[in-house]
Amino acid sequence: MSIEVKVPVLGESVSEATVGQWLKQPGEAVAVDEPIASLETDKVAVEVPSPVAGIMGAHIAAEGDTVAVGALLGLIETSGVAAAAPAAKAAAPAPAAVADDAAALSPAVRRAVLEHGIDPATVKGTGKDGRLTKEDVLAAAVAKQAAPAPVVAAAAPAPAPVAAPVGGRREERVKMTRLRQTIAKRLKSAQETAAMLTTFNDVDMSAVMEARAKYKDVFEKKHGVKLGLMSFFAKASVLALKDIPAVNAQMQGDEIVYFDYVDISVAVSAPNGLVVPVVRDVDKMSFAGIEKAIAEYGKKARDGSLTMADMAGGTFTISNGGVFGGLMSTPIINPPQSAVLGLHRIEDRPVVRDGQIVVRPMMYIALSYDHRIIDGREAVTALKTIKEAIEDPTRLLIDM
């Protein structure tokens, strides 16, 4: 009996996806709820589970095809499952490879494994609990290319090899993923639609760094999560957005919508590109709650398990380019939001304090904003509020 596998509901306002990868090939045994295909939507990769146990049948849609919600993807054959079970059992991976079988790998890692012809059982994972990451697979692929080819004895003399050109150059064409295409369109649209402007300031990070050094161990022991910079900047942003409501507003048609809550989109680097999951009701959260939410989203981004619901909405964005060493940038607004805060690396710089030149850990911060909604005075005031709260964290406790 053939069971149809169709494209599942992908999320609000998402009507189609691209078949990124088939995780099961025709003839392979499939367990119930085992992922058989990975779909790429505008925002996330979605795994399609098998509705029944059986044998993978025909692939109706090919990798790279665009499919609508409800469209037929493939077939699962349920007849003859018992006969196929011994063969599937005999072909099971050795115990050393079980931890990295196809079902345990994220979509990005599976794609890299197939593209580069790497056996995951031969690669040591550096991720959590020894799981493979995309970087592990790429490193193995580089090592594989650099390894000398095995010597095979020939029955007859082989023709002399043609010498490869010294310093030869290569080109590789890779089709953009649906996520990358969407990122490109949205960011370009933001530039073309919004009257975008960026204002800058610098922040003395001494007080925050001292607080973290003093309380990090106690904080982690009590809450089970590290005390990072993002919770400080999220709290400081809440103060600014409450004082300057326009920075937390959005333009919808000929109306401006003001929100009495703060949902902060946190830019996270994922294997397939930049994603922005949303930490909701930040204005009501503790430092620990913010750090836990961000840590969980970071893990889901690396594992490829973010959902559409995780990234829906958001009234303001914080993007931390400092983790990659960026000194200064002009971040692009995440539409339909009206502002984004850019953080950068901390470095010791000479500054003047009380008439004396001293060395302090400084960070440049940037606020890009839609000038159609936010006036320059409001943008500068909001950024100054964030600066003052970070330089004097007591303000975060007394709502100043």
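The values are calculated or read from the model by the stated rules, or taken from the named source; none is laboratory data. Small disclaimer: the values here were computed from a predicted structure and weren't measured. Cβ sites come from the backbone with ideal geometry, for glycine too, and all protein chains shown count toward neighbours. Surface areas here come from the heavy atoms of the whole protein model, side chains and all, with no ligands, DNA or RNA. Shrake-Rupley method; radii C 1.70, N 1.55, O 1.52, S 1.80 Å.
The rows are residues; the columns are (1) assigned to a loop (DSSP other than H, G, I, E, B); (2) not hydroxyl-bearing (Ser, Thr, Tyr).
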{"residue": "Val5", "(1), (2)": "no, yes"}
{"residue": "Val9", "(1), (2)": "yes, yes"}
{"residue": "Ala17", "(1), (2)": "no, yes"}
{"residue": "Lys24", "(1), (2)": "yes, yes"}
{"residue": "Gly27", "(1), (2)": "yes, yes"}
{"residue": "Ser38", "(1), (2)": "no, no"}
What's the number of the only condition in (1) assigned to a helix (DSSP H, G or I); (2) at pLDDT 95 or above; (3) closer than 25 Å to Thr381 by Cβ that Val218 fails to meet? (3)
Restricting the stretch 322-333 to residues that are open to solvent by less than 30 Å² (accessible area, probe 1.4 Å) and of a type outside the set (A, V, I, L, M, F, W, C), which is modelled with the highest pLDDT? Pro331
Which of (1) in contact with a Ser or Thr (Cβ under 9 Å, 6 or more places away or on another chain); (2) farther than 29 Å from Arg372 by Cβ is the odd one out, the single condition Leu306 does not satisfy? (1)
Listed residues Thr193, Thr198; which is under 16 Å from Tyr369 (Cβ atoms), at pLDDT 95 or above and surrounded by 14 or more Cβ atoms within 10 Å (Cβ to Cβ)? Thr198
Check the stretch 221-232 and report whether any residue there is open to solvent by less than 30 Å² (accessible area, probe 1.4 Å), within 20 Å of Pro335 (Cα to Cα) and touching a residue at least 24 places away in the same chain (Cβ under 8 Å). no
Matching option when the condition is open to solvent by 60 Å² or more (accessible area, probe 1.4 Å), within 30 Å of Gln21 (Cα to Cα) and either of a type outside the set (A, V, I, L, M, F, W, C) or at pLDDT below 95 (or both), among Arg178, Arg169, Arg212: Arg169
Does at least one position in the stretch 251-267 carry a residue that is buried (at least 20 other Cβ atoms within 10 Å of the Cβ), modelled with pLDDT of 95 or more and more than 27 Å from the chain's Cα centre (by Cα)? no
Against the definition (farther than 23 Å from Lys235 by Cα, in contact (Cβ under 8 Å) with a residue 40 or more places away in the chain, among the β-branched types (Val, Ile, Thr) and in contact with a Lys or Arg (Cβ under 9 Å, 6 or more places away or on another chain)), how does Val351 come out, yes or no? yes
Could you check Ser319 against (1) of a type in the set (S, T, N, Q); (2) at pLDDT below 90; (3) closer than 21 Å to Leu227 by Cβ and say which number it fails? (2)
Counting only residues that are buried (at least 22 other Cβ atoms within 10 Å of the Cβ) and either out of contact with any strand residue (DSSP E or B) (no Cβ under 9 Å at 6 or more places or on another chain) or of a type in the set (D, E, K, R) (or both), how many does the stretch 337-384 have? 1
